[in-house]
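Let me begin by presenting the structure, written as structure tokens, before commenting on it.
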Amino acid sequence: HPLTLGIMNNLGNLLHARALLQPKFIPGRGPNAKREEELQRGIKLLREALEQSKLVHGPRHVEALISASNLGSALRSLSSMHGNQHDPYLSEEASGLIREAVEGITGAWADLKTLPRARTTLLEGLEQLDDEGRAAAKQLSA
């Protein structure tokens, strides 16, 4: 169900955020295993949410694109767990997912330019958010 997918995505993000609150290293012991465990749990949920979202919504739907971006962000965090030694596979996968999300959202925005009513509604919604939303709306409407 789409609501279940949203909850899975949010829980994966929560686990990712909670992991980032923990220190990367424990003095005298090395990398913080609890941090990595939290990241792995979040990634597992985010990966499943992305796979299911693509099945339910389609690969270019905004929900799937958001899931791809969230998974990419969590993978990037996991990749940098051991200081400056990034895992090249995780870094590449993370970059690919984030790129996919940005390109998809950019494409969706281009589609909105041909749908003035939908574009206007989106801009009005952004303006109601906060200063950052108003700045984004101003930039997008230019």
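Here are some notes:
- Near residue 69: Cβ cut-off under 14 Å, other residues only, Lys/Arg at +1 and Asp/Glu at -1. The net charge is +1.
- Estimated FRET transfer efficiency (residue 24, residue 95; beta-carbon r; R0 30 Å; 0.05): 0.90
- Full extension of the chain between residue 56 and residue 1 yields a length gain of 19.0 nm, computed as 0.36 nm times the residue separation minus the alpha carbon distance.
- Calculated FRET value between residue 10 and residue 37, using beta carbons and R₀ = 22 Å, to 0.05: 0.70
- FRET efficiency for residue 48 and residue 106, using Cβ-Cβ distance with R0 set to 41 Å, rounded to 0.05: 0.95
- Burial order of peptide ranges 100-107, 62-69, 26-33 (average beta-carbon count within 10 Å, highest first): 62-69, 100-107, 26-33
- Near the amide H of residue 25, within less than 5 Å, lie the amide hydrogens of 32, all on another chain or at least 5 residues away, with H placed in the peptide plane.
- Relative contact order (%) - region 5-45, alpha-carbon pairs under 8 angstrom, separation at least six: 51 percent
Just so you know, all these numbers are worked out from the coordinates, no wet-lab data involved. Owing to the predicted nature of the structure, the values given are computational and were not obtained by experimental measurement. Because the Cβ atoms are built from the backbone with ideal geometry, glycine has one as well, and the counts that use them run over all protein chains shown.
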